[in-house]
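Structure, as structure tokens:
The values are calculated or read from the model by the stated rules, or taken from the named source; none is laboratory data. Since the model is a prediction, treat every value here as computed from it, not as a measurement. Quick reminder, even Gly has a Cβ in these numbers, built from the backbone with ideal geometry, and neighbours come from all protein chains shown. To get the accessible areas, we keep the full protein, side chains included, count just its heavy atoms, and leave off ligands, DNA and RNA. Shrake-Rupley method; radii C 1.70, N 1.55, O 1.52, S 1.80 Å.
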Amino acid sequence: MSDRLDMTVMYATHNKLRRELTHIARATARFDSDPRYILRVGADWEMFRRALAAHQSSEDDALWPPLRQALAGNPFDLARLEAREAEHAALISLVGAINGALTAPGVELHLFGELVEALLSGLIGHLAHEEDTVFPLVQSALSADLWGHFRHVHAVRVGPYAPQLLPWLLDGADDRTVAFVLASFPAPARQAYEHRWRRSSRTTV
């Protein structure tokens with residue numbers, strides 16, 4: 001039985017966030033002197049942070065509220081949704097702490113490493129929880145119109161950073177995922193991706 005709502009963009013975003021943070025954590029763990037240097041001088045951390053912020057804020061503003069309304073009267077499922085919202089808050093706090101530690105004097109390096117590891121384990125757990133518990137609720141309880149609204153909000157939140165984030169998100173994705181994600185954007189953005197953004201990302205990474 002196929003899903004009622006196509007969640008290709010969600011899975012593509014989740015998979016990229018997992019891969020990118022795993023890469024960041026490994027890179028900082030094997031750096032010999034100050035691991036913060038890698039995040040300060042490279043683009044990986046900033047890209048990850050922007051993508052996560054756009055994704056989470058879209059869920060907070062355009063997915064959780066209508067889903068909560070659709071689940072009214074079902075306290076068990078509402079509790080599961082509230083647990084995912086609490087995980088969001090914890091992840092936001094960890095990202096903020098890591099970002100602040102990049103330039104704060106006197107931060108002990110073992111503490112910085114603990115923050116990165118906590119973010120990695122927290123994010124991987126959270127994304128798995130969403131896929132296992134929230135995605136089925138979305139499929140069963142949310143209307144196609146409300147799901148379409150969430151997808152639109154997500155595209156708008158990505159919009160200001162689309163020249164960097166779209167090539168980043170779609171790097172390594174299969175053809176179907178690329179086509180479906182691009183369909184969320186207007187024709188000028190799709191053309192820019194094909195002719196400028198993707199090529200630019202290859203020369204700057």
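A few remarks follow.
- DSSP H segments from the chain that extend 15 Å or more along their own axis, Cα-based, with Kyte-Doolittle mean of 0.5 or above: 109-129
- Seen from every direction in turn and averaged, the convex hull around the alpha carbons of region 1-61 projects onto 5.5 nm².
- A 1.4 Å probe over all protein chains sorts Tyr37, Tyr193, Tyr11 by accessible area into Tyr37, Tyr11, Tyr193, starting with the largest.
- Taking the charge dipole of region 1-95 about its Cα centre, with +1 at Lys and Arg Cβ atoms and -1 at Asp and Glu Cβ atoms, the residue from Ala43, Thr13, Leu63 reaching farthest to the positive side is Ala43.
- Protein-only accessible surface order, largest first, of Thr103, Thr13, Thr22 at 1.4 Å: Thr103, Thr22, Thr13
- Taken over the alpha carbons of region 1-119 as equal point scatterers, the Debye sum produces base-10 log I(q)/I(0) values at 0.18 Å⁻¹ of -0.99.
- Viscosity 1.002 mPa s, 20 °C: Kirkwood-radius Stokes-Einstein D of the chain over Cα pairs, µm²/s: 118 µm²/s
- In a simple Cβ point-charge model (Lys, Arg +1; Asp, Glu -1; nothing else charged), the chain has a dipole of about 740 debye relative to its Cα centre.
- Fraction of accessible area attributable to carbon and sulfur, the chain (%, probe 1.4 Å): 56 percent
- Surface accessible to a 1.4 Å probe, Asp145 within the full protein complex, Å²: 130 Å²
- Cα-centred dipole magnitude for region 54-140, charges only on beta-carbon of K, R (+1) and D, E (-1), debye, nearest 20: 120 debye
- Of Pro65, Pro167, Pro188, the one that fluctuates the most in a GNM where the chain has Cα springs shorter than 10 Å: Pro188
- Charge dipole of the chain about the Cα centre (unit charges at C-beta), most positive-ward option of Trp147, Val116, Val181: Val181
- Alpha-carbon gyration tensor eigenvalues x 5, square-rooted, for region 103-205, Å: 29, 25, 12
- With helices as the sole contributors, the chain gives -23500 deg cm²/dmol at 222 nm; each DSSP H run of n ≥ 4 counts as -39500 (n - 2.57), and the sum is divided by every residue.
- Note on surface exposure: Glu114, Glu87, Glu130 rank Glu114, Glu87, Glu130 by accessible area, highest first, 1.4 Å probe.
- A simple count of charges around Asp60, restricted to other residues whose Cβ falls under 12 Å of its Cβ and scoring Lys, Arg +1 and Asp, Glu -1, yields -1.
- Heavy-atom accessible area for Phe180, with the other protein chains in place and a 1.4 Å probe, reaches approximately 50 Å².
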